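Novice: The structure's right below; bear with me while I get my questions together.
The values are calculated or read from the model by the stated rules, or taken from the named source; none is laboratory data. For clarity, every value in this text was computed on a predicted model and none was experimentally measured. So basically every Cβ, Gly included, is an ideal-geometry build from the backbone, and we count neighbours across all protein chains shown. Note: areas computed on protein heavy atoms with side chains; ligands, DNA, RNA excluded. Shrake-Rupley method; radii C 1.70, N 1.55, O 1.52, S 1.80 Å.
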Amino acid sequence: MTLPCAELHLHLEGTLEPETIFALAERNRVTLPYADVADLARRYDFTDLQSFLDLYYANMATLRTAEDFADMTTAYLARAAAGGVRHAEVFLDPQAHLDRGIALETVLEGVSTALASSEREHGVSTGLLIAFLRDLDAEYALRTLDRILALGTPILGIGLDSAEVGHPPSKFAAVYDRARAEGLHCVAHAGEEGPPSYIWEALDVLRVERVDHGVRCLEDDRLVDRLVAERIPLTVCPLSNVRLRVVPDLAAHPLREMLRRGLHVTVNSDDPAYFGGYLDDNVGATARALDLTPADLRELAENSIEASFLDRTRKNDLLAEIEAAAEAMAPGGSR
Ligand code: ADE
Ligand code: ZN
């Protein structure tokens, strides 16, 4: 059994399982350049972030209607709920769909409809984070944000993803200023493949409340001290880091060191259909590889709730659920 927790770093488009990609292709009469599911799955041997992104964007061609976006979102929420997720703040890449000629309204309608019924249907509260593609220009991101705000779709905040190196956070200063002025939460991918200086920029220029990945902070002691002092959450994704060769294997993952140094780390799944597992799979595999203790696992679950953008009352309710579950799992407990 896994502890109740929040998922804070999850790309909805990264939840498209190979079988779903084939089913959507058939439904929408899209021709895939793969013979079958096994042929597609063989291509999941990534060498770096870009090699993954190439396949990730290509497979989005199968998403065409609001129903497709709703089905993708619902399938993720059902799977997340089964793995103990009680709250999910999920990324969506609208520009990747706009660039393929899919209307913004179609994308947002499908995703937001599925998110709106999630608490009732899956017991998972949700929030939507609009991610901007950092390898595209900042004006395009700003235009897209303005269009989304004009549509009135409920969104929790914004993020920054896609190819990191060569696209420093500071490029998007105006977008983040605009989002903050609208009362939106601000997060950004930084320090996945990019250097520690990108984490500094995300904090100082974008004024993010959380850093996505952030594992390369360990190369800069002064940065670690700051992240600890300001209690900035890092949404770490261990299986992603292995599959994208940020670390050689799980046993070499710095998660335990990060916990010991007092960093506010959480475990998340990033793109679970591509990287070998959902949040519970990430926690389980990392716990085994790094010999994490029950106290570590409880700290990770509690961190995920504290790092979320939930209000204090709901955080306290979920923390109480974690406490009850942890006690039930302890030796002599009821499970
Ligand atoms: N888009 C989807 N997954 C991503 C990741 N791990 N890093 C950057 N952009 C992404
Ligand atoms: Zn990510």
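Novice: How many nm is it between the label spots at Glu19 and Arg314, if each spot is 7 Å from the Cα in line with the beta carbon?
Specialist: For Glu19 paired with Arg314, the spin-label model returns 3.1 nm.
Novice: Determine, at each q value in 0.11, 0.13 (inverse angstroms), the log₁₀ of I(q)/I(0) that the Debye formula gives when each Cα of the chain is one equal point scatterer.
Specialist: One equal scatterer on each Cα of the chain leads to -0.67, -0.97.
Novice: Given a 1.4 angstrom probe, what's the average accessible area per residue across the range 253-293, in square angstrom? Please list the in-between numbers first.
Specialist: On the way: 1240 Å² over 41 residues.
For the range 253-293, the per-residue accessible area is 30 Å².
Novice: Would you pull out the residues with amide H under 5 Å of Thr126's amide H, same chain only if 5 or more places away, H placed 1.01 Å from N?
Specialist: Under 5 Å from the amide H of Thr126 lie the amide H atoms of Ala88, each far enough along the sequence or on another chain.
Novice: Still on this structure, please answer the following. Stretched out fully, how many nm does the piece from Arg43 to Ala58 gain, at 0.36 nm a residue minus the Cα gap? Walk me through the intermediate numbers first.
Specialist: On the way: separation 15, 0.36 × 15 = 5.40 nm, distance 1.22 nm.
So the chain would gain 4.2 nm between Arg43 and Ala58.
Novice: Turning to a different aspect of this structure: Compute the length gained on full extension between Gln50 and Asn28: take 0.36 nm times their separation in residues and subtract their Cα-Cα distance, giving the result in nm to one decimal.
Specialist: Extra length from Gln50 to Asn28 when fully extended: 5.2 nm.
Novice: Gain in length, Arg231 to Ser197, computed as 0.36 nm per residue apart minus the alpha-carbon separation, to one decimal in nm?
Specialist: Working: separation 34, 0.36 × 34 = 12.24 nm, distance 1.83 nm.
Full-extension gain reported as 10.4 nm.
Novice: I need to check one value: relative contact order of the range 96-197, counting alpha carbon pairs closer than 8 Å and at least 6 residues apart, in percent.
Specialist: The value is 25 percent.
Novice: Moving to a separate point now. If amide H atoms are built 1.01 Å from N in the plane of the peptide, which residues on other chains or at least 5 residues away come under 5 Å of the amide H of Asp212?
Specialist: Residues meeting the criterion, in which the H sits 1.01 Å from N, are Ala188, His189, Ala190, Thr235.
Novice: Say we join alpha carbon atoms closer than 10 Å with springs in a Gaussian network model of the chain; which of Ala325, Ala131, Ala190 then has the biggest fluctuation?
Specialist: Its mean-square fluctuation being the largest, the pick is Ala325.
Novice: Gap in Å between the Cα centre of the range 173-240 and the Cα centre of the range 300-335?
Specialist: Their Cα centres are 25 Å away from one another.
Novice: For the range 119-226, how big is Rg over Rh, using alpha carbon atoms and the Kirkwood form of Rh?
Specialist: Working: Rg = 14.5 Å, Rh = 14.4 Å.
Ratio of gyration radius to Kirkwood radius for the range 119-226: 1.01.
Novice: Extending each Cα 7 Å along its Cβ direction at Arg180 and Asp291, get the distance between those two points in nm, one decimal.
Specialist: Using points 7 Å along Cα→Cβ, the separation is 4.4 nm.
Novice: Could I ask something else about it? Please state the relative contact order of the chain as a whole percent: Cα pairs under 8 Å, 6+ residues apart? List each step's numbers first, then the result.
Specialist: Working: 568 pairs, mean separation 66.5, N = 335.
It comes to 20 percent, rounded to a whole number.
Novice: While we're on this one: Between Asp221 and Glu257, with labels modelled 7 Å along Cα→Cβ, what's the label distance in nm to one decimal, could you check?
Specialist: My value for the distance between the label points is 1.4 nm.
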